[in-house]
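Visitor: Submitted below is the structure of interest, expressed as structure tokens.
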Amino acid sequence: MGIFGSFARNEQTEVSDIDILIEFERPIGLKFFELADYLEEILDMKGDLVTFEAVKQKQRLWDNVKEDLIYVLPACS
């Protein structure tokens, strides 16, 4: 799990959301939305949760994300 965007660059404002990149070993279905809601609740701010798989499909997006990406939790194996 990692963060990217304005929070990773330390450029966030009071109205910024937090961009979170996450990778799963297998699809989790609707639990993805439960996780997104949970993270917003515990962080007390809006969040944008995206999967590594989705971001990697768009090379330009991935290039931008990896410039800012800060891992906050190691990958589980």
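Visitor: When you scan the stretch 45-56, do you find a residue that is touching an Asp or Glu at 6+ places or on another chain (Cβ under 8 Å) and in a loop (DSSP other than H, G, I, E, B), even just one?
Guide: Residues of the stretch 45-56 that are touching an Asp or Glu at 6+ places or on another chain (Cβ under 8 Å), as a first pass: 45-48, 50-53.
So of that shortlist, the ones also in a loop (DSSP other than H, G, I, E, B) come out as 45-46.
There is at least one residue in the stretch 45-56 that is touching an Asp or Glu at 6+ places or on another chain (Cβ under 8 Å) and in a loop (DSSP other than H, G, I, E, B).
Visitor: Could you grab me the full set of residues in the stretch 57-70 that are surrounded by 11 or more Cβ atoms within 10 Å (Cβ to Cβ) and outside any loop (DSSP other than H, G, I, E, B)?
Guide: Filtering the stretch 57-70 down to residues surrounded by 11 or more Cβ atoms within 10 Å (Cβ to Cβ) leaves 58, 61-62, 64-66, 68-70.
Answer for the stretch 57-70, where residues must be surrounded by 11 or more Cβ atoms within 10 Å (Cβ to Cβ) and outside any loop (DSSP other than H, G, I, E, B): L61, W62, N64, V65, K66, D68, I70.
Visitor: Only one of L35, L30 is in contact with a strand residue (DSSP E or B) (Cβ under 8 Å, 6 or more places away or on another chain) and either closer than 12 Å to I3 by Cα or at pLDDT 90 or above (or both). Can you tell me which?
Guide: Details: L30 fails: in contact with a strand residue (DSSP E or B) (Cβ under 8 Å, 6 or more places away or on another chain).
Testing whether each residue is in contact with a strand residue (DSSP E or B) (Cβ under 8 Å, 6 or more places away or on another chain) and either closer than 12 Å to I3 by Cα or at pLDDT 90 or above (or both) leaves just L35.
The values are calculated or read from the model by the stated rules, or taken from the named source; none is laboratory data. For clarity, every value in this text was computed on a predicted model and none was experimentally measured. Positions of Cβ are backbone-derived with ideal geometry, glycine not excepted, and every protein chain shown enters the neighbour counts.
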